[in-house]
1. Among the numbered criteria (1) more than 13 Å from residue 469 (Cα to Cα); (2) at pLDDT below 55; (3) in a loop (DSSP other than H, G, I, E, B), which single criterion is violated by residue 557?
2. When you go through 139, 89, 159 one by one, which is the residue that is over 21 Å from residue 62 (Cβ atoms) and not assigned by TED's automatic domain parsing to the domain that holds residue 39?
3. Out of curiosity, is residue 281 assigned by TED's automatic domain parsing to the domain that holds residue 356, surrounded by fewer than 17 Cβ atoms within 10 Å (Cβ to Cβ) and in a helix (DSSP H, G or I)?
4. Any idea which residue in segment 531-554 is modelled with the highest pLDDT, counting only those that are under 30 Å from the mean Cα position of the chain (by Cα), assigned to a loop (DSSP other than H, G, I, E, B) and surrounded by fewer than 22 Cβ atoms within 10 Å (Cβ to Cβ)?
5. Identify all residues within segment 1-45 that are more than 19 Å from residue 301 (Cβ to Cβ) and at pLDDT 85 or above; write none if there are none.
6. What is the one condition in (1) more than 17 Å from residue 365 (Cα to Cα); (2) crowded, with 18+ Cβ neighbours inside 10 Å; (3) modelled with pLDDT of 80 or more that residue 419 does not satisfy?
7. Considering each of 301, 289 in turn, give the residue that is farther than 30 Å from residue 120 by Cβ and either free of Cβ contacts under 8 Å to residues at least 40 places away in the same chain or more than 18 Å from the chain's Cα centre (by Cα) (or both).
């Protein structure tokens, strides 16, 4: 039966990460917020463990011989095994107290599970599930920052967060502003002239020096023409953790704990390595700024989550490279692939412990640099949720990507944007009266399972092929497909599918053989049927949006950049 002791799980989570990070449009404060979020798993839990259990605490503690054990930490979460209820509650108070003092405005929740007998198999899995349910209730009941920072006596408002000002902050340009305690904490984390701990940690993640990354922050803040917000998230982790007992070799709680810790650590390592691989790929494409640093600022790299800011013209290439690297690395990492393989075998699906990895999805919102970042973040997250369709449509690990280049700042709601691109009716020759969608997103990254009709025309390579056709130039330097003709088809799309096909037929008659077949769909139409009897979709709008925001093929004369090549998209707004 194993060691007869009673154990509880203490689970922590920083749950308002999105608001805390993106409530301001200041890149320096966003970088400082990223640092404070990671303090939960990097500092506060370890410091609190030493406070509660003594300075002798170490990472090697195991619950069989010691009063506590750090089970897992990362991405603004932590899980600890504790023997006594009193010690567990003291640990929650110590961690959340540190969060309140050092990162005002960041909501950190802690819950304690019921106790279970360590020697009885299955107890740890049930306790983790109990904590997950308990955190949901605590998050709902916890008052937000606005309720904790009251305005009596009357004080000035912080220009960054809207909360009551707590102090006057001197900015790098010499000016002073009234700022809240939350804003001031982010500035301290960023550090004077970008030399603080926060930027140092982010620079290490980005594989560069703090001063070089400070140049990236300055570029994104002041000089970038477009800025991309990239959200990426692994697929199927809820299913894995919900059934993790089937991923473990052996039934004991010790085997479960060791496998859980190794899986979580391996997943975080894959996320960070995938980020590094994507940055290196951009560097190989010539994305580096003066000084050799690639314009990508990592904000969240933990668990299966990745959030980053990137110069807009490289954001799509970065996201696609990250998804490919994440799939490859999770299949190669034994601590991740091993448990996944056992779960696949348990469920009777194809796969083995040596080559089963995870896929991921990403959403990319490309906006102007001074567009409110809280809105850009919401759009990127909505695009991520849209990209999750891929895991429902394609069996097996398969990544997906959705994106939007926002020209009209008054319409940052993805639901409204997609509604405008959904029309009643079908192209000429189609049977029945169905629905036509003017975009084909999300796009599939990687190698989808063969025989899935839905992926036709939706592979990332299909999008790149359409973009290449729109950007291609002849020997005289003129575009092979004139922008005026492409825009005529675009305008016809919003009139109706049959009008668009008629305009496309005119263009085919004049410019056939110039790559126009890459832009079109079925039987000379600009549309294709995604599945037999399903909707009709079009890839032209996606390709026009992507022009200037994906790297050209090496033999293309066109240059990448949201300026010159965005001329093709000039009438999109």
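The values are calculated or read from the model by the stated rules, or taken from the named source; none is laboratory data. Please read these numbers as outputs of a predicted model, since none were measured by experiment. So basically every Cβ, Gly included, is an ideal-geometry build from the backbone, and we count neighbours across all protein chains shown.
1. All conditions pass for residue 557, except number (1).
2. Working: 139 fails: not assigned by TED's automatic domain parsing to the domain that holds residue 39; 89 fails: not assigned by TED's automatic domain parsing to the domain that holds residue 39.
Only one candidate passes the filter, namely 159.
3. So residue 281 does not fit the description; no.
4. 535
5. Listed by number, the residues that qualify are 5, 6, 7, 8, 9, 10, 11.
6. (2)
7. Selected residue: 289, the only one of 301, 289 that is farther than 30 Å from residue 120 by Cβ and either free of Cβ contacts under 8 Å to residues at least 40 places away in the same chain or more than 18 Å from the chain's Cα centre (by Cα) (or both).
Every residue, every condition in (1) touching a strand residue (DSSP E or B) at 6+ places or on another chain (Cβ under 7 Å); (2) not assigned by TED's automatic domain parsing to the domain that holds residue 291, yes or no:
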site	(1), (2)
177	yes, yes
180	yes, yes
189	no, yes
204	no, yes
220	yes, no
235	yes, no
249	no, no
257	yes, no
265	no, no
